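Derivation of every value follows stated rules applied to the coordinates shown; laboratory data play no part. Everything numeric here is computed off the predicted structure, so don't read it as measured data. We place every Cβ from the backbone using ideal geometry, glycine too, and count neighbours over all the protein chains shown.
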Amino acid sequence: MSDTAEMEKTNDLKLDDSLLDKIRVYWNEHIHDLELAKHPIGTLGFFEDLDEYRFDKLRYLPKVVDFSAYKDKTILEVGCGIGIDLIRFAKKGAKVTGIDLAEQSIDLAGKYFEQSKIDGEFKLGNGEALEFEDNSFDVVYAHGVIQYTANAQKMVDELYRVVKPGGEVIMMVYNRRSWLNFLSKTLGVELEHEDAPVLKKYTIPEFKALLTKFSEVKIVPERFPVKSRLQKGLKAIFFNAFFVPAFNLLPKTVTRNTGWHIMAFAKK
Ligand SMILES: C[S@@+](CC[C@H](N)C(=O)[O-])C[C@H]1O[C@@H](n2cnc3c(N)ncnc32)[C@H](O)[C@@H]1O
């Protein structure tokens, strides 16, 4: 292995919590968006497919997170998955570390960085008990992770602990009072990963209640309807041809708080 992506390839993540272990097993078998890739798993084409898919679906993300603004800053991503967001920070000069419960994710993230010839460090790890000193990172990022862990408050407290004073923690959880949750219940269409061992959706006040330790919190609801490539059949036709264009005609002042993703930018 080149020294571009340093991986700790161990199987010895000790979890004394059986729910966390179920979560680890689930995410080892369910790489996020895997079914959307056209190229074989682990190839550069595979990662490019998933990057293209993610940033089409989450086209809001580069507008609210400036991936190029962290040159020379240290960034920890907790629940980094295969490293799609982390490589964006790293390509713009951030010094990045990714941890995830799932060995499969850490393996793939390492391959992605290695093939892209980008530096990054990856470790198996539990975001509820991080193996880093207090005040270690300029920025901590956890996008789509807190809602899947066993004890969300424990994870948020760890994100807070390892970020430097004055540093920022960027998080995203799902919004229970959102257009997508409403549509899913109304049409009887399951959301992705509804079979995960833990999937908690939050209201904005519930999410804020997890973040009381921070000195400043900015909440940004995002992720409005875009055409689905995942769903098929009549419901997908209804969604893509009618719902998406109609919803997007509504003024943002009316729909803003129904965004599916609640982003939080929190300062220590
Ligand atoms: C929906 S995926 C999101 C992956 C990536 N952040 C993204 O946005 O594509 C959720 C990830 O969180 C990880 N995860 C869940 N609980 C975790 C924990 N306690 N510690 C570390 N990672 C965790 C899972 O293994 C999985 O890779």
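Each part gets one Cα centre, and for the stretch 23-63 versus the stretch 111-164 those centres are 19 Å apart. Straight-line reach from LYS57: taking Cα to Cα under 16 Å and skipping same-chain neighbours fewer than 8 places apart, the aspartates and glutamates in range are ASP33, GLU35, GLU48, ASP49, ASP85, GLU192, GLU222.
Along its first, second and third principal axes, ordered by size, the stretch 90-217 spans 45, 37, 26 Å in Cα coordinates. Modelled this way, with points 7 Å down the Cα-to-C-beta line, the labels at LYS92 and GLN153 are 3.5 nm from one another. A helix-only calculation puts the chain at -9500 deg cm²/dmol for mean residue ellipticity at 222 nm, using -39500 (n - 2.57) for each DSSP H run of at least four residues, averaged over all residues.
The label point for SER184 and the one for ASN135, both projected 7 Å from the Cα toward the Cβ, are 4.0 nm apart.
Strictly over 27 Å apart at the Cα level, which of LYS73/LYS213; LYS123/LYS185; LYS63/LYS268; LYS38/LYS117; LYS208/LYS252; LYS117/LYS268 would you flag in this model?
Numbers: LYS73/LYS213 23 Å; LYS123/LYS185 37 Å; LYS63/LYS268 23 Å; LYS38/LYS117 22 Å; LYS208/LYS252 22 Å; LYS117/LYS268 33 Å.
Those over the limit are LYS123/LYS185; LYS117/LYS268.
Against the compact-protein benchmark of 2.2 N^0.38 Å, the Cα-based radius of gyration of the chain scales to 0.98. The alpha-carbon atoms of the stretch 90-143, seen along their principal axes, cover 31, 25, 19 angstrom, with the largest extent given first.
Within the listed set GLY167, GLY120, GLY188, the Gaussian network model of the chain (springs between alpha-carbon atoms below 10 Å) gives the highest mean-square fluctuation for GLY188. Annotation note: GluC sites (Glu not before Pro) in the stretch 138-203 located in DSSP loop regions with a Cβ neighbour count of at most 16 within 10 Å are GLU190, GLU192, GLU194.
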